[in-house]
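Visitor: Sharing a structure with you now.
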Amino acid sequence: MSMNGAESLVRSLLASKVEVCFTNPGTSEMHFVAALDHVEGMRCVLALHENVATGAADGYYRMKGKPACTLLHLGPGLANGLSNLHNAKKAGSGIVNIVGEHAASHVALEAPLYSDIEGIARPMSAWVHTSHSAEDVGADAARAVQAACLAPGQIATLILPSDTAWNEGGKVAKAREVPARERVHDSQIERAAELLTGPDSLLLLGQGALTEANLERAGRISAKTGCQLLSEWGNAVLERGAGRVRIERVPYPIDIALKVLAPFKKIVMLGAKEPIGFFAYPGKPARLTQAGTELLTLADRSMDLTAAMKALCAATDAQDTAPAHVADAHLPDVPEGPMGPDTFAPILARAIPKDAIVVDESITTGRAFFPATAGAAPHVWINNLGGSIGYSMPNAIGAAIACPDRKVLALTGDGSAMYAPQALWTMAREDLDICVVIWANRSYRILRGELADVGVQNPGPRAMDMLSLDRPSIDFAAQARSMGVEAEAVTEVGAFTAALERGIAHKGPYLVEAIF
């Protein structure tokens, strides 16, 4: 049966187990849109901004472990999604971007929307390719999926000129094999086991090493050797809660991080990188470890981290040792006082439902959350690894679609929420089980701290005005309701507790705006 390139693309993506497309299409992608009527099996999720689409694809991969695709309109559409592609790249998320391009005859005319799409794609993409004919599209799609699946997960961008989509001659391609992850050499395991002795040694864990099973192994190693455990500040997926091995993160504030890491003379990194400051500061070091600290990268995040953790557990003779640092099912009391991080943290700990997915972009408000929620019901915690603001609500969309039977809790600041408010519309359209909490402190609070950290003393009214969000204040609850999401705003601790309970109990999207 004859088919065009667009239909062969859809069929080839499905053959490679890509079954979800986060889309914001334009004219050049209409044949792909039309092909969806002819081919069953692809779930298409419409986003009103490309950064929602790319952020959702990131969240989908984190929870599903396999790539979704995006459908983006030419170079400007791809450019709109680059911010969350940056975050996805840092998280090691596999995504297949399908980007429309003008037909070859139109490219030659320098049309208004013509741009160097490959040039735009390359900074965030590990694999970039332009299809040259309808006959190539299916095979190119299979190659793109293979590239996206390469460990730890990569961004692959396939550019599809519109004539390759509408021309006949498309062929369906089979899925391509993905190579197995590399194993750690025995000599590295032995050296790591030698280093992990006593409280001046640290096992620093990152992406892929933070599953419940791997954390249990880390807890056994810690109990046997006396080494300490930490994770990186940002983690793609961290399984935590009561009954699981508790792990704290390297702190974000540089002065605190330096104090936390100061005791360690030996650090073994598994899926993690050497600790560095998020930014450069006058008079402060970029590296957070002490001079002379011995650093060993046992395995980077592209390697088989579970096999490495099993081997390290065996090399330290810790397999039969009871794990240390197991979190008790203890929930903190809610202190009396005004709305703020110290009261939000215990309320949140009590509210997190079993198996919830917490997508955290709380910035300054959330720094008190991690210790307080250690004994909450077992859950997954997701962080932003790339630092580009506006990832949480889009990411929550992807997580909810990947795991429709689990509650998703998206925590974000008011400044961050304004980077991708269109995500609320998609949540309502898809009826996703997401509770969004917006910490509305009416300022870029984190930047006030950063202003001091870079050495600015006594900032004047113009500087402070650039960090405020209260002229005018944003009514997030009204904004959410305008896009079909049930919402309420609260200003008191008791009201916040009740609102959060309602939001979590509600089946479908719900927003709570906590004003403080």
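Visitor: Test VAL52 against the criterion of being of a type in the set (Val, Ile, Thr) and farther than 17 Å from THR157 by Cβ, and give yes or no.
Guide: For VAL52, the condition - of a type in the set (Val, Ile, Thr) and farther than 17 Å from THR157 by Cβ - is met.
Visitor: Quickly run through the range 14-50 and pick out the residues that are in a helix (DSSP H, G or I) and farther than 27 Å from HIS106 by Cα.
Guide: Once the filter is applied, which keeps residues that are in a helix (DSSP H, G or I) and farther than 27 Å from HIS106 by Cα, the range 14-50 yields LEU14, ALA15.
Visitor: Looking only at the range 223-257, count how many residues are under 22 Å from HIS330 (Cα atoms) and not in a strand (DSSP E or B).
Guide: Selection size over the range 223-257: 7.
Visitor: Look through THR297, THR293, THR316, THR289 and report the one residue that is within 16 Å of ALA223 (Cα to Cα) and either over 32 Å from the mean Cα position of the chain (by Cα) or not hydrophobic (A, V, I, L, M, F, W, C) (or both).
Guide: The conditions single out THR316.
Visitor: Can you run down the residue pairs with Cβ atoms below 7 Å, 6 or more apart or on separate chains, where the first is in the range 503-516 and on the phi < 0 side of the Ramachandran plot and the partner is among the hydroxyl-bearing types (Ser, Thr, Tyr) and not in a strand (DSSP E or B)?
Guide: Pairs found: ILE515/THR491.
Visitor: Pairs needed: first member in the range 456-480, under 29 Å from GLY508 (Cβ atoms) and among the hydroxyl-bearing types (Ser, Thr, Tyr); second member anywhere, in a loop (DSSP other than H, G, I, E, B) and modelled with pLDDT of 80 or more; C-beta distance under 9 Å; at least 6 residues apart or different chains.
Guide: SER473/ARG442
Visitor: Now, a different point. Just need a number here: residues in the range 224-255 that are farther than 29 Å from GLY387 by Cβ, surrounded by fewer than 18 Cβ atoms within 10 Å (Cβ to Cβ) and in contact (Cβ under 8 Å) with a residue 60 or more places away in the chain.
Guide: So the count comes out to 1.
Visitor: Listed residues TRP439, TRP425; which is within 29 Å of PRO346 (Cβ to Cβ), modelled with pLDDT of 95 or more and of a type outside the set (A, V, I, L, M)?
Guide: The conditions single out TRP439.
Visitor: Among the residues of the range 120-141, write down those that are more than 21 Å from the chain's Cα centre (by Cα), of a type outside the set (Val, Ile, Thr) and surrounded by fewer than 20 Cβ atoms within 10 Å (Cβ to Cβ).
Guide: Hits for the range 120-141 are HIS129, HIS132, SER133, GLU135, ALA139.
Visitor: Hey, among the residues in the range 51-79 that are aliphatic (A, V, I, L, M) and part of a helix (DSSP H, G or I), which one's farthest from the chain's Cα centre (by Cα)?
Guide: The extreme case among them is LEU74.
Visitor: Go through (1) of a type outside the set (A, V, I, L, M); (2) over 23 Å from ALA318 (Cα atoms); (3) out of contact with any Leu (no Cβ under 7 Å at 6 or more places or on another chain) and name the single condition GLY243 misses.
Guide: That leaves (2) as the condition not met.
The values are calculated or read from the model by the stated rules, or taken from the named source; none is laboratory data. Keep in mind the model is a prediction, meaning the values are calculated, not measured. Glycine also receives a Cβ, built like all others from the backbone with ideal geometry; neighbour counts cover every protein chain displayed.
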